[in-house]
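As structure tokens, the structure follows; a few thoughts come after it.
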Amino acid sequence: MRQATLLTLLLVLALSLGARSPLDAASRTIGEVRGGYHDPDSLRAILAARPLTPVEGLWELAGHGSLVAVELLSMSPEIYTVTLVRAADLALLPGTVVGCLTPMAEAGAYDARLASTLNPKPRALPRHSTYTVRLSADRAYLRLEPYGDTLKLNWWRMLVPYRWRLPLVRNQKPRPDISGFRRVFPAPDPPLSPRYL
């Protein structure tokens, strides 16, 4: 009886450790290369042929020039993929999955996992960072806000004997700067730049 209880406890522990959120499971696709993303015009035609959610479409990384497609991957749970269409770095292939996101409990807010490195070492998985992505009220911009803790090695704590403590220090991310994406397709209304007649 005692062994059965112990085995059941170990099984429950193993299952709980292996449990991941759907977003974390989807983030395992970051770094994969998919076909059909080399031509922005054909992507526009595909996206125009179906109804889009507010976050779907083509987005340009502000101040960078890279173009990504945000598309619905699954409805239940609602998960979107962020796929590279055109990169400022020519070493990156069109069709590379650079992230995924899912809606949060606030309108226009998404929990996201976006690639922090896209050129990993051989046999190493791409690393990703956690972000809150906010869709602007006019649906023309996506703002990225990093969150989460990082660890920093503090050499000073190791060198001074009277302050000998754990040399790793939790480093909270500061208030984010305004970085993110601007919508390319479907074109926002009113347009981001004036139209001349």
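Structural remarks
- Residue within segment 44-55 that is in a strand (DSSP E or B) and buried (at least 21 other Cβ atoms within 10 Å of the Cβ) present: no
- Meets criteria (under 20 Å from Glu145 (Cα atoms) and either assigned to a helix (DSSP H, G or I) or of a type in the set (Ser, Thr, Tyr) (or both)) for Tyr37: no
- Options Arg123, Arg157, Arg175; residue that is of a type in the set (D, E, K, R), surrounded by 11 or more Cβ atoms within 10 Å (Cβ to Cβ) and either part of a loop (DSSP other than H, G, I, E, B) or at pLDDT below 90 (or both): Arg157
- Restricting attention to segment 89-105, the residues that are modelled with pLDDT under 90, surrounded by fewer than 16 Cβ atoms within 10 Å (Cβ to Cβ) and in contact with a strand residue (DSSP E or B) (Cβ under 8 Å, 6 or more places away or on another chain) total 1.
- Condition check for Val98: in a strand (DSSP E or B) and in contact (Cβ under 8 Å) with a residue 60 or more places away in the chain: yes
The values are calculated or read from the model by the stated rules, or taken from the named source; none is laboratory data. Quantities reported herein were computed from a predicted structural model and do not represent experimental measurements. FYI the Cβ positions are ideal-geometry reconstructions off the backbone, even for glycines, and counts take in every protein chain you see.
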